[in-house]
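Enquirer: Take a look at this one; I'll ask things after.
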Amino acid sequence: RQMIACVSPADDSIAETENTLKYANRARNIKNKLVKNIDPHKAQLAALRNQMLKMQQELSELRDGSGKTLVETDQADQISALNTELEPVSYTHLTLPTKRIV
């Protein structure tokens, strides 16, 4: 950043030269800070869209070819394994006591 200040060595314009130098000094000390104008609602919508896209991508990565998630498939496999283990168990030893009604 540069500024040119025009001053005169003449005695009759000493006041104007002094004011010019003061103005140039004040102008030199001005610091500008750029701030981008962002609508907070648009920023929040953009963040939510990004989050939704990430979650959709994660969900599609978790799905297998059948449309079920891997967690659902894993749980179904566990249930099938437990059912297979329980099939040979005989329930004949679970006889309920009977009462005779006289």
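Enquirer: How many residues, within segment 16-29, are open to solvent by less than 90 Å² (accessible area, probe 1.4 Å) and closer than 17 Å to GLN2 by Cα? Can you show your working first?
Expert: Our first condition is that a residue be open to solvent by less than 90 Å² (accessible area, probe 1.4 Å); within segment 16-29, this holds for 17, 20, 24-25, 27.
So of that shortlist, the ones also closer than 17 Å to GLN2 by Cα come out as 20, 24-25, 27.
Residues flagged as open to solvent by less than 90 Å² (accessible area, probe 1.4 Å) and closer than 17 Å to GLN2 by Cα within segment 16-29 amount to 4.
One line per residue, one yes/no per condition, for (1) in contact (Cβ under 8 Å) with a residue 12 or more places away in the chain; (2) under 22 Å from the mean Cα position of the chain (by Cα); (3) in a loop (DSSP other than H, G, I, E, B):
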site	(1), (2), (3)
VAL7	yes, no, yes
ILE14	no, no, no
GLU18	no, no, no
ASN25	no, no, no
ILE30	no, no, yes
HIS41	no, yes, no
LEU45	no, yes, no
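The values are calculated or read from the model by the stated rules, or taken from the named source; none is laboratory data. Given the structure is predicted, the values throughout are model-derived calculations rather than measurements. Heads up, the Cβs are rebuilt from the backbone with ideal geometry, glycines too, and the neighbour counts pull from every protein chain shown. Please note that ligands, DNA and RNA were not included when accessible areas were found on the heavy atoms of the full protein model with its side chains. Shrake-Rupley method; radii C 1.70, N 1.55, O 1.52, S 1.80 Å.
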